[in-house]
Amino acid sequence: MAHLTSRRGLLLGTAAVSAGALLTGCTSNESSEEPAANDQPAADDKPGKEVTIGFAGPQADHGWLNAINENAKNRAKKYADVTLEITEGSNDTAQQIGQIETLINKKVDVLVILPADGKALTQVGLKAMRAGIPVVNLDRIFNSPQAYRCWIGGDNYGMGLNAGHYIGEKLKDKPNARVIELAGVDSLELTRQRTQGFDDALKNYPNIKKVARQAADFTVESGQAKMAQLLQAQSKFDALWNHDDDQGVGALRAIEQAGRDDFLMVGGAGALSAFQAIKKDDGVLKATVLYPPTMAASAIDLARALGQGKGVSGLAEFEIPASMTLYSAVVDKDNVDQYMSTGFK
């Protein structure tokens, strides 16, 4: 298990909360010494109470998951008052539970947990909360809100919705437009949410019909194989939405091998390779919809604020929010430079 000591400031990356000054109240004509409307300290970049944060996530066997771990580590290094206890990560539920229980027994101040399976790890989240250790539940949500103090994660439905609207606007003037979908892992709720958002967006464009869908399991190899099947089955279509930029690497290989360039492609998540292809603008990939791994950096910020009993600037409340859903921005050639530094490998 790695042990990291860290330092510096609060900044929530691609889509979250900023840090800094206190909110103060107005003064009346009678007195110039009215109390502040909210004197709760806001999380900021000044060193405060020492906080030990335990971080437990699944095995980093995917570019996005590896970026989650790196964002957490790098964010923690920016704080002089934070010590990060990070587990090795595991996709085995029992092993991840054991790793979290070790962190509980070490009496860390706060836990940040991205469960391999939210339902299966709900009980260990409850155990931490009952032990007086607040939990920041990252992305894959526990079954009970009692198992975490704060949830932060991406918007899977919003991903599909924004991908569908982007494609819809590109094809709104094309009669009888046809689109296809390369989904992720169908057993995951997040995949169903992404598809539902996409389908709901397309309802706004009666000229567009989704004619095919394949699930590609979030891997490069499956992305290539499933895309090859779609290309063989669909001789003519106008747009493709691919749920995941990692499997999109394989999909693009299949598209190149087939010599196809007669449609536009929208990806998902925000891989550096996707940003680079969008910027180069010499292929079918024209945009990707973010599912930002910077959420892990934001989770460290929130955990530090919890450990120090602080709120976050920009909000009048004394406490950090109970939940925070990040926005799934569409990145295309017009704004790709803004997001390039957040791309994961």
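Among the residues of the range 146-168, write down those that are within 15 Å of LYS210 (Cα to Cα) and open to solvent by 30 Å² or more (accessible area, probe 1.4 Å). LEU161, HIS165, TYR166, listed by residue number. Only a single criterion out of (1) at pLDDT 95 or above; (2) open to solvent by less than 30 Å² (accessible area, probe 1.4 Å) is not satisfied by PRO292, namely (1).
Residue count for the range 302-321, restricted to those that are open to solvent by 40 Å² or more (accessible area, probe 1.4 Å) and farther than 20 Å from ILE133 by Cα: 4. For first residues located in the range 152-164 and more than 22 Å from ALA297 (Cα to Cα), partners that are part of a strand (DSSP E or B) and open to solvent by 10 Å² or more (accessible area, probe 1.4 Å) and lie 6+ apart or on another chain with Cβ distances below 7 Å form the pairs ASN162/VAL330. Tally time: how many residues in the range 47-67 are part of a helix (DSSP H, G or I) and either in contact with an Asp or Glu (Cβ under 8 Å, 6 or more places away or on another chain) or open to solvent by 20 Å² or more (accessible area, probe 1.4 Å) (or both)? Residues flagged as part of a helix (DSSP H, G or I) and either in contact with an Asp or Glu (Cβ under 8 Å, 6 or more places away or on another chain) or open to solvent by 20 Å² or more (accessible area, probe 1.4 Å) (or both) within the range 47-67 amount to 3. In this structure, does ARG140 turn out to be touching a residue at least 12 places away in the same chain (Cβ under 8 Å), of a type in the set (D, E, K, R), under 23 Å from VAL108 (Cα atoms) and out of contact with any strand residue (DSSP E or B) (no Cβ under 6 Å at 6 or more places or on another chain)? For ARG140, the condition - touching a residue at least 12 places away in the same chain (Cβ under 8 Å), of a type in the set (D, E, K, R), under 23 Å from VAL108 (Cα atoms) and out of contact with any strand residue (DSSP E or B) (no Cβ under 6 Å at 6 or more places or on another chain) - is met. Residues in the range 258-277 that are surrounded by fewer than 23 Cβ atoms within 10 Å (Cβ to Cβ) and not acidic (Asp, Glu): 8 in all. Applying the criterion of being out of contact with any Gly (no Cβ under 9 Å at 6 or more places or on another chain), free of Cβ contacts under 8 Å to residues at least 40 places away in the same chain and outside any helix (DSSP H, G or I) to the residues of the range 177-206, the residue that is most open to solvent (accessible area, probe 1.4 Å) is PRO206. Looking only at the range 331-341, which residues are outside any loop (DSSP other than H, G, I, E, B) and open to solvent by 40 Å² or more (accessible area, probe 1.4 Å)? Passing the criteria: ASP337, GLN338, MET340, SER341. The lone criterion from (1) part of a loop (DSSP other than H, G, I, E, B); (2) more than 16 Å from TYR291 (Cα to Cα); (3) not acidic (Asp, Glu) left unmet by ILE141 is number (2).
Considering GLY267, GLY259, the condition of being in contact with a His (Cβ under 9 Å, 6 or more places away or on another chain) and either closer than 28 Å to VAL136 by Cβ or free of Cβ contacts under 8 Å to residues at least 60 places away in the same chain (or both) is satisfied by GLY267 alone. Say we look at the range 217-257 and pick out the residues that are over 23 Å from ALA201 (Cβ atoms) and among the small types (Gly, Ala, Ser); which of these is surrounded by the fewest Cβ atoms within 10 Å (Cβ to Cβ)? Only one residue tops the list, namely SER235.
Of all residues being out of contact with any Asp or Glu (no Cβ under 7 Å at 6 or more places or on another chain) and hydrophobic (A, V, I, L, M, F, W, C) in the range 109-121, which is modelled with the lowest pLDDT? Just the residue, please.
Just the residues of the range 109-121 that are out of contact with any Asp or Glu (no Cβ under 7 Å at 6 or more places or on another chain), to begin with: 109-113, 115-121.
If we keep only those that are hydrophobic (A, V, I, L, M, F, W, C) too, we end up with 110-113, 116, 120-121.
On the way: VAL110: 98, LEU111: 98, VAL112: 98, ILE113: 98, ALA116: 90, ALA120: 94, LEU121: 96.
By that ranking, first place goes to ALA116.
The residues of the range 303-324 that are in a helix (DSSP H, G or I) and over 23 Å from GLY154 (Cβ atoms) amount to a single one, GLY307. So how many residues does the range 88-108 have that are at pLDDT 95 or above, buried (at least 21 other Cβ atoms within 10 Å of the Cβ) and either assigned to a loop (DSSP other than H, G, I, E, B) or of a type in the set (Lys, Arg) (or both)? Residues flagged as at pLDDT 95 or above, buried (at least 21 other Cβ atoms within 10 Å of the Cβ) and either assigned to a loop (DSSP other than H, G, I, E, B) or of a type in the set (Lys, Arg) (or both) within the range 88-108 amount to 1.
Yes or no: LEU11 at pLDDT below 95, hydrophobic (A, V, I, L, M, F, W, C), open to solvent by 20 Å² or more (accessible area, probe 1.4 Å) and under 20 Å from the mean Cα position of the chain (by Cα)? Judged against the criteria, LEU11 is a match.
Scan the range 133-143 and give yes if some residue there is more than 17 Å from the chain's Cα centre (by Cα), under 27 Å from ASP217 (Cβ atoms) and open to solvent by 60 Å² or more (accessible area, probe 1.4 Å), otherwise no.
Yes, there is a match, as at least one residue in the range 133-143 is more than 17 Å from the chain's Cα centre (by Cα), under 27 Å from ASP217 (Cβ atoms) and open to solvent by 60 Å² or more (accessible area, probe 1.4 Å).
The set of residues from the range 279-310 being of a type in the set (Lys, Arg) and in contact with a Leu (Cβ under 9 Å, 6 or more places away or on another chain) comprises LYS286, ARG304.
The values are calculated or read from the model by the stated rules, or taken from the named source; none is laboratory data. Owing to the predicted nature of the structure, the values given are computational and were not obtained by experimental measurement. No Cβ is skipped: glycine too gets one built from the backbone with ideal geometry, and neighbour counts run over all protein chains shown. Areas reflect the complete protein model, heavy atoms only, side chains present, ligands, DNA and RNA absent. Shrake-Rupley method; radii C 1.70, N 1.55, O 1.52, S 1.80 Å.
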